[in-house]
1. Write out, first by first residue and then by second, each pair whose Cβ atoms fall under 9 Å of each other, whose residues are 6+ apart or on separate chains, and whose first residue, in region 45-66, is small (Gly, Ala, Ser) while the second is surrounded by 10 or more Cβ atoms within 10 Å (Cβ to Cβ).
2. Being under 27 Å from the mean Cα position of the chain (by Cα), loosely packed, with under 11 Cβ neighbours inside 10 Å and touching a residue at least 12 places away in the same chain (Cβ under 8 Å) narrows it down to one of Ala194, Ala166, Ala143, Ala152, so name that one.
3. Any residue that is surrounded by 10 or more Cβ atoms within 10 Å (Cβ to Cβ) and either of a type in the set (A, V, I, L, M) or closer than 30 Å to Ser107 by Cα (or both) - is there at least one of those in region 50-63?
4. Report, by residue number, each residue of region 93-107 that is of a type outside the set (Val, Ile, Thr) and either assigned to a loop (DSSP other than H, G, I, E, B) or open to solvent by 30 Å² or more (accessible area, probe 1.4 Å) (or both).
5. How about region 102-150: which of its residues are small (Gly, Ala, Ser) and at negative phi?
6. If you check Ala77 against the conditions, is it among the small types (Gly, Ala, Ser) and either open to solvent by 100 Å² or more (accessible area, probe 1.4 Å) or within 43 Å of the chain's Cα centre (by Cα) (or both)?
7. List the helices (runs of 4 or more DSSP H) inside region 113-221, counting only whole elements, that have at least 3 residues being at pLDDT 90 or above and of a type in the set (Gly, Ala, Ser).
8. Going through Asp110, Asp181 one at a time, which residue ends up being more than 30 Å from Gly215 (Cβ to Cβ), under 20 Å from the mean Cα position of the chain (by Cα) and free of Cβ contacts under 8 Å to residues at least 40 places away in the same chain?
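The values are calculated or read from the model by the stated rules, or taken from the named source; none is laboratory data. On a predicted model such as this, the values are computed, not experimentally measured, just so you know. Heads up, the Cβs are rebuilt from the backbone with ideal geometry, glycines too, and the neighbour counts pull from every protein chain shown. Heads up: the accessible areas ignore ligands, DNA and RNA and are worked out on the full protein's heavy atoms, side chains in. Shrake-Rupley method; radii C 1.70, N 1.55, O 1.52, S 1.80 Å.
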Amino acid sequence: PASDDGRKRSRRGRHPGRSALPEHLERVLEWNPVPVELRVCPKCGSTMKTVGRSTCEILDVRPAQLFVRQRCDERVACPVDDTIVSAPTPEQLVERGKLGRTLVVESLADKFLEHLPIERQCLRWSRSGVVIAPQTLARSVGAAIDLLGPVARLIEDQTRAPGLLATDATCIPVLDRDAPDGIRNGTMWCWTNALWVSFVYSAQGDSDSVRRFLGDRKSVV
């Protein structure tokens, strides 16, 4: 920018400068030494010595990396009567499933927080050389959602607690092979008491769906 007399004004003093990177992040030190060919003084030919270093910080990320976790189940045997006992296997989201919990939880978060469809997640992993069938990943994500059912019901109970309760409905398209065009309209209800929020799906946005959520605790006006 220029002043009224045509002279350029300095930005110094007006720009806040770069903000510092978060202190809680891991610091990975990378040495950047002076190359051997530049360590010789161009004037006298002497080998130059280190007199100091300057440090700059750059925010970076490690790409997600798949790995195979091998669980080795131990077996023990009695030396007297040959009784054999195997180590109990930990519970899995899907019985005899091949996807680890961390991978499934990551996929669950990508789908519902980042709105990344299962099929696109599988395409992303295929670029890393690992083929995961969409139906396999979807079945595992569905099993994880089922485990969260008690948490969702507890939130609904807190939402229906005594006090003012507000609601609104949104129409959403739902795939249905029996519908004339393969798509029908469903309803997503949002309920809130200003402290808790519950989202409840209903095939119809009628008063019966409202009564199902409220139960016997409140009357429908």
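1. From residues that are small (Gly, Ala, Ser), the pairs are Ser46/Val40; Ala64/Glu106; Ala64/Arg124; Ala64/Trp125; Ala64/Ser128.
2. Ala194 is the lone residue from the list that is under 27 Å from the mean Cα position of the chain (by Cα), loosely packed, with under 11 Cβ neighbours inside 10 Å and touching a residue at least 12 places away in the same chain (Cβ under 8 Å).
3. Checking region 50-63: not a single residue is surrounded by 10 or more Cβ atoms within 10 Å (Cβ to Cβ) and either of a type in the set (A, V, I, L, M) or closer than 30 Å to Ser107 by Cα (or both).
4. Leu93, Glu95, Arg96, Gly97, Lys98, Leu99, Gly100, Arg101, Leu103, Glu106
5. Scanning region 102-150 gives Ser107, Ala109, Ser126, Ser128, Ala133, Ala138, Ser140, Gly142, Ala143, Ala144, Gly149.
6. no
7. 134-147
8. When all the criteria are applied, what remains is Asp110.
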